[in-house]
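Beneath this line is the structure, given in structure tokens, with notes to follow.
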Amino acid sequence: MDAFFASVEQRDHPEWRGLPIAVGGGGRRGVVAAASYEARKFGVRSAMPGFKAKLLCPQLVFVPHRFGVYKEVSQQIRAIFYEYTDLVEPLSLDEAYLDVTEPKKGKPSATLIAQEIRQRIFETTQLTASAGVSFNKFIAKIASDINKPNGQKVITPTEAAAFIEALPIEKFFGIGKVTAKKMHQMGIFSGSDLKQYSKLELSQWFGKAGRHFYKIVRAEDDRKVNPNRIRKSIGAERTFGENLVEIHQMKEKLHPIIETVYKYMHTTDNFGRTVTLKAKRADFTQITRSKSFASEIITKTDLVDIVFELLENNKQELEQIRLLGVSISNLQNEHQVEGTGIQLKFEF
């Protein structure tokens, strides 16, 4: 979907159409959850601190989120997907992979099906979507961003090699800012540059990810569209309006976060063996501390005790904390189907 949260708000509030808007908070502690295309022209992006977004775009309009509405619209869109194929792998509320090798309806052409689905989405929701069409997930994902908004891009097998070789390394899905910076220092700026190195060299430099880079730069991606993704962790986190400086404050703020995580584990009957505490300082540096056990943590009291132990054992590092989070991994139910997860919370 194109600027999904912001587009829903502009759809439902005509007075915001054509204006640079950001879903989220514009205060000293606010965070941008989504930005309209009008705002993106100024460099405003999701996850950006609200005050920074306002500096980039002084006329930016901040609007409160309505996650319930976004989820309802997402369900409408997903229902359209399922009319064409059962092989739908959601990545988030606004994005999914579809395998249309054998479509349930429509012409046997991924290009035409993508056009039809995009038209159906617009007719149903009055929102635009963009699509990437190719022979594997990696290339389709990259292609989906090329003609945004309200467009699509097809990459055929014969076009793939030249397309990837010309691609800036920052555009590779799975290569973040830190890895891109390291590659730049090594003289790797494009797919063509990356392709010059052997699997052994890339593995030595980037570990397991290096083997992945070796394959994708050669358009090799054999991952199937998986409609039953396995949940690997359950977690929740929250950004606070004021920095936390005392351990007792942190414990107080952690209680509702732990409650959210435990409630989800209990509801899904899916308990885990590893507890992770996440904290982000005022300077945005982040620390994570984990503890694993031989059996699952099944009571809330035990979960609280473990989280607080991690907190106490690392209190010397916990100064000026702006975010806390708790997650559980090594889940017992390996067949637990992944849903939309637990939404992190901001104090807007």
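None of the figures in this text is laboratory data; all of them are computed from the coordinates on show. Because the structure is a prediction, the values reported are computed rather than measured. Glycine gets a Cβ as well: all are built from the backbone with ideal geometry, and neighbour counts include every protein chain shown.
Kindly provide the helix-only [θ] at 222 nm of the chain, computed as the sum of -39,500 (n - 2.57) over DSSP H runs of four or more divided by all residues, to the nearest 500 deg cm²/dmol? Numbers along the way, then the final one.
Details: 13 runs with 137 residues, N = 348.
When only DSSP H runs of four or more count, the value is -12000 deg cm²/dmol.
Stretching the chain fully between GLU102 and ARG66 yields a gain of 9.3 nm (0.36 nm per residue, less the alpha carbon separation). Taking VAL100, VAL225, VAL69 as the candidate residues, the one with maximal mean-square fluctuation in a Gaussian network model of the chain, Cα springs under 10 Å, is VAL69.
Model label sites at HIS248 and HIS266, defined 7 Å from Cα along the beta-carbon direction, differ in position by 2.7 nm. Distant-in-sequence amide contacts of ILE21, defined by a placed amide H-H separation under 5 Å and a gap of 5 or more residues or a different chain, comprise SER36, GLU38, ALA39, VAL61.
Given an 8 Å cut-off on Cα distances and at least 6 residues of separation, report the relative contact order of the chain as a percent. Show your work: numbers first, answer last.
Values: 599 pairs, mean separation 50.1, N = 348.
That works out to 14 percent.
Between LEU91 and LYS171, what FRET efficiency comes out of the Förster formula 1/(1 + (r/R0)^6) with R0 = 22 Å and r the beta carbon distance, rounded to 0.05? Write down the numbers at each step before the final one.
Numbers: r = 17 Å, r/R0 = 0.79.
Calculated transfer efficiency: 0.80.
Length available on full extension from LEU19 to LYS215: 0.36 nm per residue minus the Cα-Cα distance, which gives 66.4 nm. In this label model, SER290 and ARG273 are separated by 1.2 nm, measuring between points 7 Å along each Cα→Cβ vector. A crude spin-label estimate for the pair GLU317 and THR299, with each label 7 Å from Cα along the Cβ direction, gives 2.9 nm.
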